[in-house]
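Chemist: Provided herewith is a single structure, encoded as structure tokens, for subsequent inquiry.
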């Protein structure tokens with residue numbers, strides 16, 4: 001079980017680390033060095049699509065590993081308690097929280113990767129250039145559709161960033177939650 005627990009920690013760390021590296025290193029470097037917001041957005045969009053696939057793989061692996069660990073924790077001797085209705089009563093509270101966090105991380109990922117990303121991609125295809133500021137588009141009535149698309153894209157982009165940050169926070173909390181059963185204090189521990 002130690003190997004599975006270590007593998008779970010590694011996968012969770014890779015997921016959280018992937019989000020951190022993408023947001024704090026890759027994005028600033030790509031946007032500062034490319035010279036064009038349009039080019040940078042295209043490059044970073046590919047990075048995000050790769051990250052989204054990586055996150056899904058991490059979630060699937062975490063779900064399997066965590067299910068094994070929770071089952072073993074609730075029924076360590078294999079006596080069948082997990083099948084007699086007492087399963088959740090024997091799962092330590094840390095594992096319960098961890099399961100809820102894993103589900104929330106998946107829901108958050110699903111929202112930004114499978115709901116926001118496709119809509120942003122459709123809008124991006126209608127916007128010829130991100131290098132022109134929205135304020136310049138407001139003075140040109142012929143470009144009102146482009147301005148509306150940019151405003152909607154910016155709104156979705158902010159939402160994407162916030163939900164990805166929420167996922168990062170959930171992952172960090174998940175790393176910090178203790179999952180072991182609390183051992184009772186002995187008289188010698190109190191001294």
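Chemist: Quick one: is residue 22 out of contact with any helix residue (DSSP H, G or I) (no Cβ under 8 Å at 6 or more places or on another chain), in a helix (DSSP H, G or I) and touching a residue at least 24 places away in the same chain (Cβ under 8 Å)?
Modeler: So residue 22 fails the test.
Chemist: Taking the range 1-30 only, how many residues are surrounded by 13 or more Cβ atoms within 10 Å (Cβ to Cβ) and more than 22 Å from the chain's Cα centre (by Cα)?
Modeler: Number satisfying all stated conditions: 0.
Chemist: Give just the number: which of (1) modelled with pLDDT of 80 or more; (2) part of a helix (DSSP H, G or I); (3) closer than 20 Å to residue 158 by Cβ does residue 131 not satisfy?
Modeler: Among (1) modelled with pLDDT of 80 or more; (2) part of a helix (DSSP H, G or I); (3) closer than 20 Å to residue 158 by Cβ, residue 131 violates only (2).
Chemist: Taking the condition of being touching a helix residue (DSSP H, G or I) at 6+ places or on another chain (Cβ under 6 Å) and either part of a helix (DSSP H, G or I) or modelled with pLDDT of 90 or more (or both), how many residues in the range 82-97 meet it?
Modeler: Residues meeting the conditions: 4.
Chemist: Which condition number in (1) surrounded by fewer than 13 Cβ atoms within 10 Å (Cβ to Cβ); (2) at negative phi; (3) modelled with pLDDT under 95 is the one that residue 35 fails?
Modeler: Evaluating residue 35 over (1) surrounded by fewer than 13 Cβ atoms within 10 Å (Cβ to Cβ); (2) at negative phi; (3) modelled with pLDDT under 95 leaves (2) as the failure.
Chemist: Identify the single condition in (1) closer than 22 Å to residue 168 by Cα; (2) modelled with pLDDT of 95 or more; (3) surrounded by 15 or more Cβ atoms within 10 Å (Cβ to Cβ) that residue 40 does not satisfy, given that it satisfies every other one.
Modeler: That leaves (1) as the condition not met.
Chemist: Which condition from (1) under 25 Å from residue 35 (Cβ atoms); (2) more than 23 Å from the chain's Cα centre (by Cα); (3) in a helix (DSSP H, G or I); (4) without any contact (Cβ under 8 Å) to a residue 12 or more places away in the chain is the one that residue 137 breaks?
Modeler: Unmet for residue 137, out of (1) under 25 Å from residue 35 (Cβ atoms); (2) more than 23 Å from the chain's Cα centre (by Cα); (3) in a helix (DSSP H, G or I); (4) without any contact (Cβ under 8 Å) to a residue 12 or more places away in the chain: (4).
Chemist: I've got another one for you. Of these, 170, 137, 101, which one is modelled with pLDDT under 80, within 30 Å of residue 47 (Cα to Cα) and surrounded by 14 or more Cβ atoms within 10 Å (Cβ to Cβ)?
Modeler: Numbers: 170 fails: modelled with pLDDT under 80; 101 fails: modelled with pLDDT under 80.
Among 170, 137, 101, only 137 is modelled with pLDDT under 80, within 30 Å of residue 47 (Cα to Cα) and surrounded by 14 or more Cβ atoms within 10 Å (Cβ to Cβ).
The values are calculated or read from the model by the stated rules, or taken from the named source; none is laboratory data. Everything numeric here is computed off the predicted structure, so don't read it as measured data. With ideal geometry, Cβ positions are generated from the backbone for all residues, glycine too; neighbour counts draw on all protein chains shown.
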